[in-house]
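Below is one structure, written out as structure tokens; comments come after it.
The values are calculated or read from the model by the stated rules, or taken from the named source; none is laboratory data. Small disclaimer: the values here were computed from a predicted structure and weren't measured. No Cβ is skipped: glycine too gets one built from the backbone with ideal geometry, and neighbour counts run over all protein chains shown. Note: areas computed on protein heavy atoms with side chains; ligands, DNA, RNA excluded. Shrake-Rupley method; radii C 1.70, N 1.55, O 1.52, S 1.80 Å.
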Amino acid sequence: MKPRCHAQVLIAIVFLTVYPYWTFSKVFSQDSTLVDRVVQTGEEQRDPLQSQVIGAAAPSTEPEIYGQGVRDSSWQSPEKEQQGFHLAPDFEIKLFASEPMIAKPMNMAFDKRGRLWVTQTVEYPYPAEEGREPRDAVMILEDTDGDGHADRSTPFAKGLNIPIGLLPYGDGCICFSIPNLLYLRDTDGDDICDRREIILGPFDTTRDTHGMINALRDGGDGWIYACHGFNNQSQVSGSDGHVVTMNSGNTFRFRPDGSRIEQVTHGQVNPFGMATDEWGYRYSADCHSKPITQLISGACYPSFGRPHDGLGFLAPMLDHLHGSTAICGLVSYPSDSVIPVLRGNMLSGNVMTSRINRNRVEYRGATAKGYELPDFMTSDDPWFRPVDLQVGPDSHLYIADFYNKIIGHYEVPLTHPDRDRESGRIWQVRYTGVNSIHNNDLSKNDERYEKSVVSERIDRLHQEFTEGGISTEQLISTIQNGSAQLAVAALRLTRESMKRSGVPKASSIQTIRDQVHSGNAHAVQAASEILGHHGSTTDIPVLLQRLAHVPESDQVLRQTMRIAIRNLYQRAGKDSPIWDEVPTRAAASIFLGLDRKEVSKGLLLYLDQHPSEPALNEMLTHAVQLTPETDLEHCVRIADRLTRDSADHREVLMQLLLDSFSSRSHPEVLRSWVARHVQERLQRLVDQKHIMSW
């Protein structure tokens, strides 16, 4: 078994010393023709509004400056910076807030009243030392007249220490401030925090401070989702005692009351920013892997030198880097967005190239694929650092600008005197094109800027669920009778509903099993996740059979089903007859992600019948690692027989097996096999010498 994903901090640090943390390559702007979108049914559709996408004009600043760790340009006022912005056609930009109203913004979030909450810092990159009152804060910004400029600023909570992630919640907000996730409460309604409660913590911040807990998102399922940043190694438990250990980049979720924390995905380097699409998939922006990652529960993603979980890494959804790996903040526009030209698009901030990147997202089954489009926004001012993006209830785009001469955290010393600690801006980008509010001079409450009927029903479903007002049976009815998107939303909630109610009813589970055969890949993906958590071993052959018909291009659905099957095997009893069956090749490959001795028998049965298996070395090594020493002789006999015709292959396999026991003494049966092989090789050499002499 491959070791679980754990930090290889030394490898990461060595890598960073030779490869700048904010990598810069060629910066360019180009037009791009969109590829036909393939929706979940496999039908091709083309949006005439996006047949040709025109991006922002290239900045007038020399491209080389965007590769500088320390910009050689000068500070500009907000008004001057605004003059240097270039946007895609039919958009305009307004200055929503700037210093001295705010300091340096980190994360943003809107509350139900349409107010913008912002975490801001002057301490970064060093947290306030013990004994000194921190100077960071959570601010509430309001635009009371709708002119695009905040005219009211309220310091909700002061004395915070490099706060990053936040989420308006209850009578205040949930916020990360070194080293804890806090519930900051306003119990008397004056918009000033008067009570602080620790939800979870402490999180490790001894190795890094700039990429920690960020992008808090309400899942609408009773959980809050978040990103865990680079390098730090956190071990945190909820009040139920369940411990989660996160090494460097990961995503996790927690109950708002701190009763439980769970890891969602493993891997990535430094996720900073999270978005959800219309099908309920979550995505993160990341530094030093791919700009956007589709997040699947239980999946493992590439990071610095960290191994996968035995099932392999989930393939990336992008094949490009946008000229940089310094990606922060992410928003997703659904296919029914009120801004037609952004339908099916994702925007992300690029703090190294000082621009907003744009991707068109298309589904291949359940797998989202991103295609690079011309940049949505560029800036002549290389101090522009878009660290977070949010779409407001008014449908405008809000950009947190961590305005700074320096953004790198590793290649530029933290003590560098040119790090700006005072300037920060928030920008509002408005659509002015067809059917826009601005174009028609209508109020911001125009019905065209209201959510679609389906989106409203999904929001209502989430609200009813979190308030405890909907049962599993009601969710099952929605799955059977609702529209495609509503049914998938209900499926995702059903997993949590079944967990709440204990053992699910047979009729409910049968409905989920029926969804595995749906023609909608998103429904199949959600149903497979449920079976992986609430199904039984009888579901394994059903999932394996369905998996055989999922195309290789749909990597998300394939990996979701493999994770579900692994989970079912992991929960199977040691005496279950499932272990006596000869596994299929798909099942045998999933066995590589299982850490239990029963797996060894199945792998040996499979290899005995498939001696030409391409993954023979890996499977046999895994079987040996899990086999009790008293049963190793059978493994050695199979290994000897399978490599009978190739001494070189046998020696490679021997080395792998010897290495697998590096932490303990080599078993006698293995040492005897190696000794016999060496003796046979020596004898052949002697025989060859005699023949040559003759």
**Study point:** Filter pass, A623 being surrounded by fewer than 18 Cβ atoms within 10 Å (Cβ to Cβ) and hydrophobic (A, V, I, L, M, F, W, C)
**Key:** no
Practice item. Working only within region 529-566, note down all residues that are farther than 12 Å from I512 by Cα and either touching a residue at least 60 places away in the same chain (Cβ under 8 Å) or in contact with a strand residue (DSSP E or B) (Cβ under 8 Å, 6 or more places away or on another chain) (or both). Key: V550, P551, S553, D554, Q555, V556, L557, Q559, T560, R562, I563, R566
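Taking only region 325-362 into account, find how many residues are part of a strand (DSSP E or B) and out of contact with any Cys (no Cβ under 9 Å at 6 or more places or on another chain). So that I can check it myself, show each step before the final result.
Taking region 325-362 first, the residues part of a strand (DSSP E or B) are 327-332, 345-350, 355-362.
Now drop any that are not out of contact with any Cys (no Cβ under 9 Å at 6 or more places or on another chain), which leaves 329-332, 345-347, 355-362.
The qualifying residues number 15.
Which of the residues belonging to region 408-432 are assigned to a loop (DSSP other than H, G, I, E, B) and of a type in the set (A, V, I, L, M)?
Passing the criteria: V412, L414.
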Check your understanding: Counting only residues that are modelled with pLDDT under 80 and closer than 16 Å to T627 by Cα, which one in region 660-694 is least open to solvent (accessible area, probe 1.4 Å)?
Key -> F661
Review point. Among the numbered criteria (1) open to solvent by less than 20 Å² (accessible area, probe 1.4 Å); (2) free of Cβ contacts under 8 Å to residues at least 12 places away in the same chain, which single criterion is violated by A150?
Key: (2)
Review point. For the subset of region 482-539 comprising residues that are over 27 Å from the mean Cα position of the chain (by Cα) and of a type in the set (A, V, I, L, M, F, W, C), which member is surrounded by the most Cβ atoms within 10 Å (Cβ to Cβ)?
Key: I509
Exercise for review: Just give me the residues in region 467-480 being open to solvent by less than 70 Å² (accessible area, probe 1.4 Å) and at negative phi, in sequence order.
Suggested key: G469, I470, S471, T472, L475, I476, S477, T478, I479
Practice item. Output yes when any residue across region 601-623 is among the aliphatic types (A, V, I, L, M) and touching a residue at least 40 places away in the same chain (Cβ under 8 Å), and no when none is. Key: no
Practice item. Mind listing just one residue for me: the one in region 552-586 that is among the small types (G, A, S) and surrounded by fewer than 23 Cβ atoms within 10 Å (Cβ to Cβ) and, of those, nearest to L642 (Cα to Cα)? Key: A586
Point to revise | Set Q76, Q68: member being among the polar types (S, T, N, Q), within 30 Å of the chain's Cα centre (by Cα) and farther than 26 Å from L181 by Cα | key: Q68
Review point. So E411 clears everything in (1) open to solvent by 10 Å² or more (accessible area, probe 1.4 Å); (2) out of contact with any helix residue (DSSP H, G or I) (no Cβ under 8 Å at 6 or more places or on another chain) except one condition, right? Which one?
Key: (2)
Review point. (1) crowded, with 16+ Cβ neighbours inside 10 Å; (2) closer than 22 Å to G329 by Cβ: which one isn't true of P127, the others all being true?
Key: (2)
Check your understanding: What are the residue pairs meeting all of these: first residue in region 370-386, first residue touching a residue at least 60 places away in the same chain (Cβ under 8 Å) and surrounded by 22 or more Cβ atoms within 10 Å (Cβ to Cβ), second residue in a strand (DSSP E or B) and among the polar types (S, T, N, Q), Cβ atoms under 8 Å, and 6 or more apart or on different chains?
Key -> G370/N359; L373/S32; L373/N345; L373/N359; D375/N357; F376/N357
Review point. If you go through region 540-549, how many residues are open to solvent by 10 Å² or more (accessible area, probe 1.4 Å) and either touching a helix residue (DSSP H, G or I) at 6+ places or on another chain (Cβ under 8 Å) or in a helix (DSSP H, G or I) (or both)?
Key: 6
Revision key, fill the gap. Selection from region 142-183 of residues in a strand (DSSP E or B) and of a type in the set (A, V, I, L, M, F, W, C) yields F156, A157, L160, L166, L167, C173, I174, C175, F176, L181, L182
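If you scan region 633-659, which residues turn out to be acidic (D, E) and either more than 17 Å from E613 (Cα to Cα) or open to solvent by 70 Å² or more (accessible area, probe 1.4 Å) (or both)?
Taking region 633-659 first, the residues acidic (D, E) are 633, 640, 645, 648, 651, 659.
Selection gives E633, D645, D648, E651, D659.
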Exercise for review: Determine which member of the set H320, H308 is in a loop (DSSP other than H, G, I, E, B) and farther than 22 Å from L557 by Cβ.
Suggested key: H320
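For region 514-526, give me the residue count where each residue is farther than 13 Å from A484 by Cβ and either of a type outside the set (V, I, T) or touching a residue at least 60 places away in the same chain (Cβ under 8 Å) (or both). Even if it seems obvious, please write down each step before you answer.
Residues of region 514-526 that are farther than 13 Å from A484 by Cβ, as a first pass: 514, 516-517.
Remaining after also requiring either of a type outside the set (V, I, T) or touching a residue at least 60 places away in the same chain (Cβ under 8 Å) (or both): 514, 517.
The total comes to 2.
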